[in-house]
Every structure is written in structure tokens, then in C-alpha cells.
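The values are calculated or read from the model by the stated rules, or taken from the named source; none is laboratory data. Treat the numbers as computed from the prediction; the structure is a model and nothing was measured. A quick note on method: Cβ atoms are made from the backbone with ideal geometry, for glycine too, and the neighbour counts reach across all protein chains shown.
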Amino acid sequence: MKRSAKFVCEQQLAASCLRLVRLPSKLWGIALWASGTMLVAGCAGPPEISTSATHEAVPPEKAFVKPPPGGPAIMAVVQRGTGQDIMLATHARTPGQNSIHVRLKQHADGALAPLRAIAEMRASLPGIAMRKSPYYVQNRYGPFGYGVGRSGPDLCLYGWQGIKGDATLLSNQGFIDIRVRLCETGATEQTLLSVMYGYTIDAFFADRSWNPYGTPAPPPQSLGARGPDIYPLGAARFETVAVPVTSPIAKKDRPKTVAGQAAAAPEPPKPSGPLVPPPPGAAAPPEQQAATPAPAASGPVVPPPPPID
């Protein structure tokens, strides 16, 4: 019968205790320390294996940033310290992976410089003529920037956002840095921008002073008060940045003519409708004569005479 490692360790400990009883009292301390050290080393098992990797894969439900409902699905998440690379589903011919890069910091950072944003955008989407949006846009976390460009049938977007509050010595500390890279075949600019407007940040530092969102803004004073009517209207229009796609105009097929040969005269239209007989004494037109069948013979049919021998 095979004995377990725990049972063997218990037997070794009992045997050590019996040996200690036979020793003089002055040597008990030294013997007890030596026996305990050997037992711990023998019963602890092999040490835990560690790797030198600086990143690890985490399940999608632990992503720091969640795409909007109906948006691109999360395929994989790689975490590096306080940052994550969130890989999204990609349906495009453009090389590369749709992704969201997010990093949380305990202290506020400066805003992303425009030239650095353009350099990051070109490095993330090489070979695509990206155009930086000149419009001011913001989502519920604050303002953000973006650029768009076309690569064949694909429309690509690169967005960036830095979130920080009005930091004080004891409150509103922290910074969240986000980058979004999207390419999709046949997508519209509004569809790709909906990811920037709809994502949710689901991570934080467990520190009372960490609050990059700042103090929540109060509701407008006109909300709920007497005043003009408020109708359920959205944005009046949507300004695009990408170059619009122009569909080629279909050319009508024209008859080809050989050099030195005159073009054939067009055929006159064929008459349609019921045929009208000409007046008495007038000849019918040729087309009517051809179209009018010969009248059938009336009366009995007389057979020819038999041949004479």
C-alpha cells in the first residue's frame, strides 16, 4: 500500500521526538532546531516555478476598458503592470489588429502633444493617408482626438484620450491614457466613432485620492424648470473627416464605327396598333401590304380533272 507524503512526514516527526527524549536536556534545543529544519525542507515540496515574462494573459471580463454594446468583441487581453493591450475582433483587409491600449497611472500626466499623436497614428497605421480631425469632440469622460483614413474598401480610425481631473494635494489624483485603433471594411465614420463615444472604463486604484474624473458636474439649471420646449432630437448632422468615396459613373454603350465607313442610318420605327384600311381607289402602303394576309378563297374547292391516258 502506497503511503502519502504527509503520513511519512508525521512518522519522521514522531521518531525525532522519541530520540529527543533520550538526549540530555541541554542538547534538546539544538536537536529540536536541526530536526525541524530537516522536516520542513523535506515536507515542503518542490519550489514554485516562476518565469521572467513581464506580461500575462487575462480573461476578457477583466479588461480595463469595455467596448460599447454591439461593438467589436474582445478576443484577448494582455496585461503589462498597470496597462493592458485589448485585442478586438477585426474584419478588414488592412494588416494589423484592432485594439484598445489603456494604461492607468497614480499621478497625473501632461496632455498628449498633437505632433506626438500624429506620429503614433502613422506608426499604428503605416501606408495609410490619415487625416486628423479639426473638430472638437468629447465623450462622457472628456475631450478626445481622432484621425481617419481609407485603405481600399477599409475605413480606419485612430483615437486617443487622456483623462485627468483637477488634481490637488490630497484628491483628484491619477491619469488614464487610452488609444483606439480600428479598421473595418465598408464601415462609416460614424460607426467607428461610436466606439470612442461608447466604451466604458472598468478599472481603478484602491486609493481614496485616486480620481482622474474630477468632481461630477451638476445638472443644467434649466433642466426641470419652466422654459422652452425640449424635443427628443439628436445631432442635427454629422461632420465627416475622411475623403468621401466617389462611385464611377456608368458610361452608355455607343455603336462603334469603322474609320472611313459612314454610320448606318437609323431604322424607322415599326408601326404599332391596329391596321387601318386605305380609302377606296388608293394603294395600301408596302408595310401594310406585307402585314395584311391574302384573303382566303370562298366557296367549294373543285378538284382538277383526272389525267387522260
Tally, over the range 147-174, of residues that are in contact (Cβ under 8 Å) with a residue 60 or more places away in the chain and closer than 19 Å to PRO244 by Cβ: 8
Yes/no for LYS164 being within 20 Å of the chain's Cα centre (by Cα), over 18 Å from PRO68 (Cβ atoms) and surrounded by 14 or more Cβ atoms within 10 Å (Cβ to Cβ): no
Members of the range 59-90 that are farther than 13 Å from ARG103 by Cβ and loosely packed, with under 15 Cβ neighbours inside 10 Å: PRO59, PRO60, GLU61, LYS62, PRO68, PRO69, GLY70, ALA73, MET75, ALA89
Any chance ASP177 is surrounded by fewer than 15 Cβ atoms within 10 Å (Cβ to Cβ) and under 25 Å from PHE64 (Cα atoms): no
Residue ID - surrounded by the fewest Cβ atoms within 10 Å (Cβ to Cβ), chosen from residues in the range 102-121 that are modelled with pLDDT of 80 or more and farther than 20 Å from GLN84 by Cα: LEU115
Matching residues in the range 142-161 - criterion: being farther than 16 Å from ALA92 by Cβ and surrounded by fewer than 19 Cβ atoms within 10 Å (Cβ to Cβ): GLY142, PRO143
Residues of the range 87-98 classified as in contact (Cβ under 8 Å) with a residue 24 or more places away in the chain and either assigned to a strand (DSSP E or B) or outside the structural domain of ASP177 (by TED's automatic domain parsing) (or both), total: 2
